1. How compact is the stretch 101-149 by the rule of thumb for globular proteins, expressed as Cα Rg over 2.2 N^0.38 Å?
2. Mind jotting down the distance between the C-alpha centroids of the stretch 100-134 and the stretch 210-235, whole Å?
3. Percent of Cα-Cα pairs more than 25 Å apart in the chain, please.
4. Give, to the nearest whole percent, the P(r) tail of the stretch 64-202 beyond 19 angstrom, counting all Cα pairs.
5. Using Cβ counts within 10 Å as a stand-in for footprinting exposure, how do Lys2, Lys15 rank, fewest first?
6. By count of other Cβ within 10 Å, fewest leading, how are Cys138, Cys180 ordered?
7. Let me check I've understood the local charge: for Asp207, count other residues with C-beta under 15 angstrom from its C-beta, Lys and Arg +1, Asp and Glu -1. What total comes out?
8. Return the calculated 222 nm mean residue ellipticity for the chain, to the nearest 500 deg cm²/dmol, obtained by summing -39500 (n - 2.57) across DSSP H runs with n ≥ 4 and dividing by the residue count.
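What follows is calculated from the coordinates using simple rules that are stated; it is not laboratory data. None of the values given here were measured: they were computed from a predicted structure. With ideal geometry, Cβ positions are generated from the backbone for all residues, glycine too; neighbour counts draw on all protein chains shown.
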Amino acid sequence: MKIRVGYELIYDFPKPTPMIMVLGTHFSRASDVITPDFLMTEPPVPIIPYRDSFGNWCSRMIAPTGRVRLFANGMVRDSGLPDAIVPAAGQVAVENLPAETLLYLLGSRYCETDRLSDIAWQLFESSPPGWARVQAICDYVHNRIRFGYEYARSTKTAWEAFNEQNGVCRDYAHLAIAFCRAMNIPARYCTGYLGDIGMPPPYGPMDFAGWFEAYLDDGWHTFDARNNIPRIGRILIAQGRDAADVPLTHTFGPNTLVSFRVWTDEVA
């Protein structure tokens, strides 16, 4: 299938303001890109691309005073298959993990493994290690947290989501990541597009989505504690330790977000 993806973000800036943006299809999907979702601006502004320490493509610019529109419109080829389920995938002992995965065992800004470790072992020690344990974590997080945009805040951590029992997709992902790491399973945060392809209406307003990947014996696997069912048309934008590593936009000065639109639609 073909999926049209894109966004429009409109800001007001009281003065010239540096910005970092992590927007656009991840390089791992490069062979699937039919029309690149290149970042464009109105008014036109020079954009400098770079790779961050996680390999994500990022952009930087200086937004001028006044109203600035960031937008993109691309098309990506997708298999049309739901997220893979691999029940036989086993857990790798810490001493046998690839060195590049060890970072994703450690606590991070939004995933406080120190606070959640004892709770994780009480909840999941009896679950079979590997895929079944990660799925048990997803089931628990999915049932514990109540979804609602009114519960979103940029400072909310996994510990706070656990105690408040509410949040948005990034909070589901952060809590599940923290539990996985506490159980010695490397886990990393993902952000990207996830539409309603294959789902029954009614559909809510489209937004960027947050999910996570866990490292099991044959590589990284996709899990989504917020939806907790295999979904179709998931398109990765960026990966990191948690949402602090992959903010869609980061501004170094005051501004007002005037409007925000995201789309990801199957193309006949």
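1. Dividing the Cα Rg of the stretch 101-149 by 2.2 N^0.38 Å gives 1.26.
2. Value for the Cα centre distance between the two parts: 16 Å.
3. 46
4. More than 19 Å apart: 60 percent of the Cα pairs in the stretch 64-202.
5. So the residues, fewest neighbours to most, are Lys15, Lys2.
6. By the 10 Å Cβ count, ascending, the order reads Cys138, Cys180.
7. Every neighbour counted, the sum reads -1.
8. The per-residue figure over the chain is -5500 deg cm²/dmol.
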